[in-house]
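Rule-based calculations on the coordinates, nothing more; no lab input. A quick note: this is a predicted structure, and the numbers were derived from the prediction, not measured. Don't worry about glycine lacking a Cβ; one is built from the backbone with ideal geometry, like all the others, and counts go over all protein chains shown.
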Amino acid sequence: MSDPGEPWWRTAVLYQIYPRSFADSDADGQGDIGGIIAHLDHLQWLGVDGIWLSPITVSPNADWGYDVADFCAVQPDLGTMAEFDLLVARAGERGIRVLLDLVPNHTSDQHPWFVDSRSSRTSPRRDWYVWADPRADGAPPNNWVSSFGGPAWTLDPATGQYYLHNHLAEQPDLNWWNDEVRTCFDTILAFWLDRGVAGFRIDVCNIIVKDAQLRDNPPATEEDDFEAQLFGQRPVYNGNRPEVHDVLRRWRRVTGRYRPPRVLIGETPVKVDALAAYYGNGDDELHLAFNFPFITAPFQADALRGVVEDTERMLPPGAWPAWTGSNHDMSRFATRWADGDGRRVRAALLMLLCLRGTPVLYQGDEIGLGDWPVAPDDLRDPVGVRYFPAYAGRDAMRTPMPWRRGPGGGFTDPGTRPWLPLGDTAGCNVDDQRSDPGSVLHWARDLLALRRRTPDLQTGAYRSVAAPDGVWAWQRGSRFLVVLNLGDHEAVLDSVEGDIRIGTDRGRDGQSLSGPVSLREWEGLVIETR
Ligand code: NOJ
């Protein structure tokens, strides 16, 4: 039973939907809002409490929705505002809340604000974006590079200035020093919150405020992480500025006016100590912040335990972690952590659902869906198109949800070509797993159900417990012990007194333990101790 004193988002399991790849209700090969409505039964059956939708707002799709041309209207090929309202209502009837993706760092270059901004140096919205003069030799104003590679500046020949874009040139960065921009976003938040949206996942929320003086980033050194070395510079001035916290506090005040409580989840690709800062004092900035050191850690006990312990130690009192293994930008965990091995997929789900914090699953995680490499001619992600073959981009993690085997995979009409290839629908699909009680899908559902009825697993404190090499063991609350053998050898845990509530080997469910416990490779147990 959930503790009624806890805000819903602490005890919730959230689920990310990439709408274009979830389910297609009008046979055009692209998923849409109608498709999400049609599959709410699946989400309810699975037991999720909230869905976060990657952008559904108007976009020319240079970056598939992350280039917004109207923040308060629905992209026509994904549906209508009426369908969105219907989704919120139908999901609500099933106890599922709907969260949207907010993209405040940049807009599309087609957004009327930017069209106006670039029209002249004196346009009323010139200062809504980051414009700067060329250097004396005509070069960009500073050395910043885009996260998608190449210079972060593009010259606008008509007005003779450069504009800043931390992603594609089609995604000009807004100027968050401008008060009108801040006020305008307050209105955008309220627009959706008033429609019943339960909160937002905030795109690259760590970089929205830039150095006011546009200083050069310092060069990377050998001590810096891979990304800094790849770009040749430390991202000191083009993001992670202290002033971003003013904006987050402002949004926390906006959401704080709503009941039931709304939630702000930040995309915060930073180290754990910096991550902690995005929670403010624990009660005045983000409610949840995605933990990238966890997502990118190898699937090894020491590495993952280290990130979790750091997170537990560094987050301010009152803050609540979020745990996720896959999203539309990162390789899916069934591939990255589990290499397609069902035992490891089960272990990863057990980990995500038994840590202290809010788990956020990505569509397909519940069936152990892995990445599906997309042929060069079918690439859709601009980053893959630009860098193939050095980097194939993010399409492999965005391929459509396989609902059943066969042409169309239940995602779209059998005769329709999906916007991205479907992958091996016979090898992995929802329908087949639903009729197999031993499937990953049933495992995921049973874990969600156990979590829902076990307050210790929802809100109990985390404490690491001594375990042999390769094994990660932790206590939750007063009575629960979680043990995971993340190694390919059998391991034995010292004396345990208790009952197995669920095990990756379902034959052990209910087993009573008294004394040493052996674990096969990749085996995990949730034990209620005595
Ligand atoms: C992060 C999003 O998750 C990613 O898909 C997008 O390309 C960038 N931000 C830019 O919005």
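Rg and Dmax of the chain, using alpha carbons, in Å: what are they?
23.3, 78
How would segment 379-470 be classified by its alpha-carbon gyration tensor: rounded, prolate or oblate, with rounded meaning a/c under 1.5 and the a/b versus b/c comparison settling the rest?
oblate
Rounded, prolate or oblate, given the Cα gyration tensor of segment 1-70, with a/c below 1.5 counting as rounded?
Oblate.
Mind sorting ARG336, ARG344, ARG121 by how few other Cβ atoms lie within 10 Å of their own Cβ, fewest first?
In order of increasing Cβ crowding within 10 Å: ARG121, ARG336, ARG344.
Sorted by mean Cβ packing within 10 Å, highest first, what order do the peptides 477-490, 147-160 take?
Put in order of decreasing packing, that is 477-490, 147-160.
Within a 10 angstrom radius of the beta carbon, how do LYS210, LYS271 rank from fewest other beta carbons to most?
LYS271, LYS210
Could you tell me the relative contact order of the chain? Use alpha-carbon pairs under 8 Å, at least six residues apart, and round to a whole percent.
So the answer I get is 13 percent.
DSSP beta bridges in the chain, what fraction antiparallel, as a percent rounded to 5?
DSSP beta bridges in the chain are roughly 65 percent antiparallel.
Treating only the Cβ of Lys, Arg, Asp and Glu as charged (+1, +1, -1, -1), what charge dipole size does segment 324-373 show about its Cα centre? Round to the nearest 20 debye.
Using only the charged Cβ atoms, the result is roughly 220 debye.
To make sure I understand, if each residue's beta carbon is the centre and we count other beta carbons within 10 Å, what order do SER120, SER25, SER108 fall in, fewest to most?
The most exposed by this proxy come first: SER120, SER25, SER108.
Tilt of helix 301-314 relative to the longest C-alpha principal axis of the chain, in degrees (0 to 90, nearest 10)?
Taking Cα atoms only, the helix is inclined about 60 degrees.
Using the crude model of +1 on Lys and Arg Cβ and -1 on Asp and Glu Cβ, and no other charge, please compute the dipole size for segment 206-296 relative to its Cα centre, in debye to 20.
Approximately 760 debye in magnitude.
Relative contact order for segment 409-530 using alpha-carbon pairs under 8 Å, separation at least 6, rounded to a whole percent?
After rounding, I find 18 percent.
Translational diffusion coefficient of segment 116-270 at 25 °C, 0.890 mPa s, Stokes-Einstein with Kirkwood Rh over Cα pairs, in µm²/s as a whole number.
Estimated diffusion coefficient is 144 µm²/s.
Under 1.5 on a/c is rounded, so check that first for segment 293-425, then, if it is not, pick prolate when a/b is larger than b/c and oblate when it is not; a ≥ b ≥ c are the square roots of the alpha carbon gyration tensor eigenvalues.
It comes out prolate by the Cα gyration axes.
For the chain, what is the calculated [θ] at 222 nm in deg cm²/dmol (nearest 500), taking -39500 (n - 2.57) for each run of four or more DSSP H residues and dividing by its residue count?
One gets -7500 deg cm²/dmol as the mean residue ellipticity at 222 nm.
How high is the relative contact order of segment 294-351, given as a whole-number percent (alpha carbon pairs under 8 Å, six or more residues apart)?
The value is 26 percent.
Quick one: net charge around ALA220, please, counting Lys, Arg +1 and Asp, Glu -1 for every other residue with C-beta under 11 Å from its C-beta.
The answer is -4.
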